[in-house]
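Structure first, commentary second.
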Amino acid sequence: MKNERIILGIDPGTTIMGFGLIKVVNKKMEFLQLNELLLQKYNDPYIKLKLIFERTVELIDTFHPDEIAIEAPFFGKNVQSMLKLGRAQGVAMAAGLSREVPITEYLPKKIKMAITGNGNASKEQVAKMLQSLLGLKELPKNLDSTDGLAAAVCHYYNSGKVEVGKSYTGWDSFVKQNPSKLKKQ
């Protein structure tokens, strides 16, 4: 891993897309920018997707991030909202892929846990912790941009970590470690 890299964090949305950028120099984080793309004035959902793509490409071409961290959609009850959010995320990912920037997705709980130590933290708690960690003078009115910044910081904290899953030495080991998976439904 090189000594200096830039991470772009994105909180995708079709009303507001939040984003933040950090620079990592010799394992130390430096705040670069946080902002948002406001989309509520556009009624056409395809125009919104086009704008998300264009803004993401513009950020990549301006800041040349080495990696992108993006918040994954969470599972809600409203299917239409999930579809819209998934499209927004997909378009932002496509923009990164079009510029060959590696992308990592993080669940909202994982991001909150990385920043605050609590997977159920509020947007305000996450924003306040980022303000403290990065020395931000003030917080934005909408916290979508701090959510984007949080994705970038989460990625920094998780860089180089390998998720270690269960290991099995054979079928007997699997059965002992997973008794509930073998019960008849």
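Screening the stretch 134-158 for residues that are assigned to a loop (DSSP other than H, G, I, E, B) and in contact with a strand residue (DSSP E or B) (Cβ under 8 Å, 6 or more places away or on another chain) and picking the one that is surrounded by the most Cβ atoms within 10 Å (Cβ to Cβ) gives 143. Among residues of the stretch 30-45 that are touching a residue at least 24 places away in the same chain (Cβ under 8 Å), those with a Cβ under 6 angstrom from a residue that is of a type in the set (Gly, Ala, Ser), sequence gap 6+ or separate chain, pair up as 34/20; 34/145; 35/145; 36/18; 36/145.
What tally of residues in the stretch 86-114 results from selecting those that are of a type in the set (Ser, Thr, Tyr) and in a helix (DSSP H, G or I)? So the count comes out to 1. You will find that of 8, 32, 51, 21, the residue that is within 23 Å of residue 132 (Cα to Cα), touching a Phe, Trp or Tyr at 6+ places or on another chain (Cβ under 8 Å), aliphatic (A, V, I, L, M) and open to solvent by 30 Å² or more (accessible area, probe 1.4 Å) is 32 and no other.
Restricted to the stretch 35-48, and to residues that are under 17 Å from the mean Cα position of the chain (by Cα) and farther than 16 Å from residue 87 by Cα, which residue is least open to solvent (accessible area, probe 1.4 Å)? Don't jump to the end; show me each part of the working.
Residues of the stretch 35-48 under 17 Å from the mean Cα position of the chain (by Cα): 35-37.
Then drop every residue that is not farther than 16 Å from residue 87 by Cα, which leaves 35-36.
Values: 35: 67, 36: 44 Å².
Looking at the filtered set, the residue picked out is 36.
Looking at the stretch 24-56 only, could you name the residues that are in a strand (DSSP E or B) and in contact with a helix residue (DSSP H, G or I) (Cβ under 9 Å, 6 or more places away or on another chain)? Residues satisfying the conditions are 24, 29, 30, 31, 32, 33, 34, 35, 36, 37. Among the residues of the stretch 57-85, the one identified as β-branched (Val, Ile, Thr), touching a helix residue (DSSP H, G or I) at 6+ places or on another chain (Cβ under 6 Å) and surrounded by fewer than 19 Cβ atoms within 10 Å (Cβ to Cβ) is 57.
Residues are listed down the side, and each one gets a yes or a no for (1) modelled with pLDDT of 95 or more; (2) touching a Gly at 6+ places or on another chain (Cβ under 9 Å):
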{"site": "42", "(1), (2)": "yes, no"}
{"site": "51", "(1), (2)": "yes, no"}
{"site": "54", "(1), (2)": "yes, no"}
{"site": "61", "(1), (2)": "yes, no"}
{"site": "72", "(1), (2)": "no, no"}
{"site": "76", "(1), (2)": "no, no"}
{"site": "82", "(1), (2)": "no, yes"}
{"site": "85", "(1), (2)": "no, yes"}
{"site": "90", "(1), (2)": "no, no"}
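Can you pull out the residues in the stretch 86-121 that are open to solvent by 20 Å² or more (accessible area, probe 1.4 Å), in contact (Cβ under 8 Å) with a residue 40 or more places away in the chain and under 18 Å from residue 46 (Cα atoms)? Within the stretch 86-121, 87, 91, 94 qualify. Within the stretch 57-85, if we keep just the residues that are assigned to a helix (DSSP H, G or I) and touching a residue at least 12 places away in the same chain (Cβ under 8 Å), the residue that is farthest from residue 31 (Cα to Cα) turns out to be 84.
The values are calculated or read from the model by the stated rules, or taken from the named source; none is laboratory data. Not measured: the values here are computed from a predicted model. Positions of Cβ are backbone-derived with ideal geometry, glycine not excepted, and every protein chain shown enters the neighbour counts. Note: accessible area is taken over every heavy atom of the protein model, side chains too, but ligands, DNA and RNA are not part of it. Shrake-Rupley method; radii C 1.70, N 1.55, O 1.52, S 1.80 Å.
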